[in-house]
Structures are given as C-alpha cells and as structure tokens.
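**Student:** Got a structure for you, questions after.
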Amino acid sequence: MKKVNGHEIIQLFEQFSPRAYAMEGDKVGLQIGSLNKPVENVMIALDVLEEVVDEAIEKNAGLIIAHHPPIFRPLKKITEETPAGRMMIKLIKHDIAVYAAHTNLDVAKGGVNDLLASALGLRNTEVLVPTYEDKLFKLVVFVPDEDAEKVRKAIGDAGAGSIGNYSHCSFSGNGKGCFLPGGEAAPHIGEPGKFEEVGETRIETIFPKSKQRRVIQAMLKAHPYEEVAYDLYPLENRGEELGLGRVGLIDEMNLKDFAEHIKKVLDVKAVRVTGDLNAKIKKVAVLGGDGNKYFMQAKFHGADVYVTGDLYYHTAHDAMMAGLNIIDPGHNIEKVMKAGVSRIMANMSHEKGYDVKYFPSEVHTDPFTFI
C-alpha cells in the first residue's frame, strides 16, 4: 500500500465530487491548514464544531472533509475567547487540515442527495433541480498498431467511452503516421534524422469534461511515444445533467406511514408534516439541507410529497395551496454523507492502493432537541 499526502487524497475526492459542481459563490475547497503533508487518517464530518475537532485530535486525523464549510462568513478575529477561534487554534496547533465540499457534494452522483434517495428507498431517480451539464469532448489519438489495445484499455478504464450502459466505447481506423525525429529526439520507433512511416491506429472516443484530466493522463502514460499526437473536440451532444435534489418512486403508502418511514431510516425523533396524512404517496422529491426555494420544482415533477429541511412557515402555506405535501425532517439528515463518503473514499483509495483510513465523525451536531 502507498503512503499518501493530503493533495493525493483531495485529488481522489474531486474525481468523485469536483469543485466545478458547486453553486456560484459557494465556499468549497481547502479552508484551514495544509495538504502538503502525509495523511493516514481522514475524518468525514457534516459540521466542524469544537467537539468535532476534539474528536479529530483524539483519533489522530490529519484531514477533515466536511460538508458544511466552517468558514462561511468572514471571521473578525481568531482568539480563544470565541468558540470559532478556539476551534481554529486547535486545528492549526494539531496540524489538521479542513476541506469543505458543500453544494458540489449535494450535486455529485453518489453524494448527499443520492444517499438520501437511497436511504428513503427511491427508485428510478432523476435530478430535481438541474444546475450543471457535464460537457462532452471527443478525443482522437494516433498510436502504433501494436499499442492500440493498451491505449484503448487505459482511456476506457479512466472513464472515456461511456455511453449509457456501455463502457470502453471507441472507433478505430488504420493508416500511416509520418515523422522526422530531430537530432535531440529519442524516438520509440526509428532513428534521429531519418524519416519514418509507421503503421498507426486512429482511436476516437468521447468523455465528459469532469474526467478530462484523468483520461488524458491515462492516455499519455499508456502511449509509447515521447511526443503524442492527439486532438480534443468540444461536442454539441448533450452531456449528463447533474443538479440538486432527486425525484423517484416508492411503493405506495399514505403520508403518515411515509413520515414514520423517514423517521426510522434517517434516524430522526420527529418530523414536521403538511398535508392530508391519509394522502397516497407514490412519487417523492427529496433535497438535503434548506430546500425552501425549490418546492415548485417538486410540484412540476409531479411529486406527491417533498422531503426537505428548514421549511419556512409561509413556504409551507404556499406548498399547501399548490397541493404539495411536505415532510421536514430537519437539516441534520445530511449526516448520511458521513458514512456514505467514508465508504466511497475507502473503496476508491483501495483501488488506488492508498494506505489511508477514513471514518465518520461520531459527534452529534444537530442543534435541536425535540421535547
């Protein structure tokens, strides 16, 4: 297993949840400390509070990946007189870096909203609020015939050529590559100063923008030439649409029973409900965090109920008048990301051969208590 530093861990994380997915102005990325150090233990947290930092210190975490940014508004001072100041000082003294993945983790496939949809048992899910299109590009690369299969496999393994339920899709054609190596060249085929004609394969495939760096790096690593000839073309074809929230189907039940189901699977003591408790529920929209401004998107999708947190009094009235049932289990249900992201990162790190441990924070950070 390979020992790794913080940069390598975050590069891996951003393959799963790229910063480009974040909403404009969101506070994502490294917020405290340095990634330029060896990291053996990574804690996944929903919130970064002083109690969470104490837990990270106790468990020897060198990095915290958090969903809610600890620095969301400007800090006027950092002193031990304030909880935020004490927390920052502890993080710096113990060399613990904090990386925030907020709305990009909401949008990402397998992120917060997919984890919530899975917990609720939703089927045939789709995006509730589209926010990002993963633009498509075409890669064309020329490679000696005998190395074509190796290059095709490398770029396919990196994510190129995925079309629907098919992977490693590409098109190949054969021809002749011509080149004259200069005096300082070290050609894989031929000699410096001697004109060469080589049987080459032209490989064409597509990839989403989010995987460009990985695909190009894999192609360059697998290619035998010291100077690789390749082209990139932006495509008009529609890329995958990503966004906030999810909409899906469940086995039909009434609103009251679905509310009880939510309490159980999301581990909450109580929920707020608007609508007829006997209403039949089949299609569900869910959005982690504060989803007040998106309730009409749930209505437009034909949802029978909208599950979200921090619902305002007047928004609930508006939803009722629109004929949309609401279940508010609170903002803290996003805690599903702690175990979910820990599992995803552990699997990705295992595939890369990284010697790093991920664990979810065990500190309960919901500020509300139901009495």
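The values are calculated or read from the model by the stated rules, or taken from the named source; none is laboratory data. Nothing here was measured: the structure is a model prediction, and the numbers come from that model. Because the Cβ atoms are built from the backbone with ideal geometry, glycine has one as well, and the counts that use them run over all protein chains shown. Calculation scope for accessible area: heavy atoms of the full protein, side chains included, ligands and nucleic acids excluded. Shrake-Rupley method; radii C 1.70, N 1.55, O 1.52, S 1.80 Å.
**Student:** Per residue, how big is the convex hull around the C-alpha atoms of region 160-234? Give it to me in cubic angstrom, could you? All intermediate terms of the calculation are to be shown ahead of the outcome.
**Tutor:** Working: hull volume 7.9 nm³, N = 75.
It is 105 Å³ per residue.
**Student:** Which residues does a label at residue 2 reach in region 143-163, if reach means a backbone N under 15 Å from a point 7 Å past the Cα toward the Cβ?
**Tutor:** 158, by backbone N distance to the label point.
**Student:** Roughly how many whole Å is it from the C-alpha centroid of region 74-147 to that of region 1-38?
**Tutor:** Here the answer is 8 Å between Cα centres.
**Student:** Taking just the C-alpha trace of the chain, give me its Rg and Dmax in Å.
**Tutor:** Using the Cα atoms of the chain, the pair Rg, Dmax is 24.9, 85 Å.
**Student:** Can you give the calculated 222 nm mean residue ellipticity of the chain, where each DSSP H run of n ≥ 4 adds -39,500 (n - 2.57) and the sum is split over every residue, rounded to the nearest 500 deg cm²/dmol?
**Tutor:** Details: 11 runs with 109 residues, N = 371.
Mean residue ellipticity at 222 nm (helix-derived): -8500 deg cm²/dmol.
**Student:** Here is a further query. Among 89, 307, 155, which residue has its Cα furthest toward the positive end of the charge dipole of the chain, with +1 on Lys/Arg Cβ and -1 on Asp/Glu Cβ?
**Tutor:** Farthest towards the positive end: 307.
**Student:** If you look at just the Cα atoms of region 211-353, how large are its Rg and its Dmax in Å?
**Tutor:** 21.6, 69
**Student:** Given a 1.4 angstrom probe, I'd like the percentage of the accessible area of the chain that is carbon and sulfur, rounded to a whole number.
**Tutor:** Details: 9940 of 19320 Å².
Carbon-and-sulfur percentage of accessible area, whole number: 51.
**Student:** Quick check on region 15-172: of the DSSP beta bridges with both residues there, what percent are antiparallel, nearest 5%?
**Tutor:** On the way: 4 of 12 bridges.
Of the beta bridges lying entirely in region 15-172, close to 35 percent run antiparallel.
**Student:** Scaled to the compact-protein estimate 2.2 N^0.38 Å, what is the alpha-carbon radius of gyration of region 264-305, rounded to two decimal places? Show your work: numbers first, answer last.
**Tutor:** Working: Rg = 11.4 Å, N = 42, 2.2 N^0.38 = 9.1 Å.
In units of the 2.2 N^0.38 Å rule of thumb, it is 1.25.
**Student:** Can you give me the relative contact order of region 1-83 as a percent, contacts being Cα pairs under 8 Å and 6 or more apart?
**Tutor:** On the way: 73 pairs, mean separation 25.3, N = 83.
It comes to 30 percent, rounded to a whole number.
**Student:** Next question, about the same structure. With the Cα gyration tensor of region 47-144 giving a ≥ b ≥ c as the square roots of its eigenvalues, does the rule (a/c under 1.5 for rounded; else a/b larger than b/c for prolate; else oblate) give rounded, prolate or oblate? Mind dumping the intermediate values first?
**Tutor:** Numbers: a/c = 2.42, a/b = 1.77, b/c = 1.37.
In terms of gyration-tensor shape, prolate.
**Student:** In square angstrom, what is the accessible area per residue of region 1-135 with a 1.4 angstrom probe? Mind dumping the intermediate values first?
**Tutor:** On the way: 6260 Å² over 135 residues.
That works out to 46 Å² for each residue.
**Student:** For a quick size check, give me the Cα extents of region 279-358 along its three principal axes, largest first, whole Å.
**Tutor:** In descending order, the Cα extents are 54, 23, 19 Å.
**Student:** Distance cut-off 29 Å, Cα to Cα: go down the list 77/357; 93/269; 3/263; 37/221; 109/264; 153/209 and report the pairs above it.
**Tutor:** Working: 77/357 34 Å; 93/269 37 Å; 3/263 41 Å; 37/221 26 Å; 109/264 24 Å; 153/209 19 Å.
Going by Cα-Cα distance, 77/357; 93/269; 3/263 fall outside the 29 Å limit.
**Student:** What accessible area per residue comes out for region 165-314, rounded to a whole number of Å², with a 1.4 Å probe?
**Tutor:** On the way: 8760 Å² over 150 residues.
I get 58 Å² per residue for region 165-314.
**Student:** Okay, next question. Over the alpha carbons of region 114-238, what is the largest minus smallest coordinate on each principal axis, giving the biggest first in Å?
**Tutor:** Rounded to whole Å, the extents work out to 66, 24, 23 Å.
**Student:** I want the antiparallel fraction of DSSP beta bridges within the chain, as a percent rounded to 5.
**Tutor:** Numbers: 45 of 66 bridges.
DSSP beta bridges in the chain are roughly 70 percent antiparallel.
**Student:** In whole percent, what relative contact order does the chain give with Cα contacts below 8 Å and a gap of six or more residues? Intermediate values should be presented prior to the final figure.
**Tutor:** On the way: 768 pairs, mean separation 76.5, N = 371.
Taking the mean separation of contacting Cα pairs over the length of the chain, I get 21 percent.
**Student:** What are the extents of the Cα atoms of region 193-248 along their three principal axes, listed from largest to smallest and rounded to whole Å?
**Tutor:** Projected onto the principal axes, the Cα atoms of region 193-248 cover 62, 22, 16 Å.
**Student:** Which shape class applies to region 1-73: rounded if a/c is under 1.5, otherwise prolate when a/b exceeds b/c and oblate if not, where a ≥ b ≥ c are the square roots of the Cα gyration tensor eigenvalues? Don't jump to the answer; show the numbers that get you there.
**Tutor:** Details: a/c = 2.12, a/b = 1.13, b/c = 1.88.
In terms of gyration-tensor shape, oblate.
**Student:** Got a sec? Which residues in region 176-218 would a label at residue 135 touch, if it sits 7 Å along Cα→Cβ and we count backbone N under 17 Å?
**Tutor:** Inside the label zone: 206-216.
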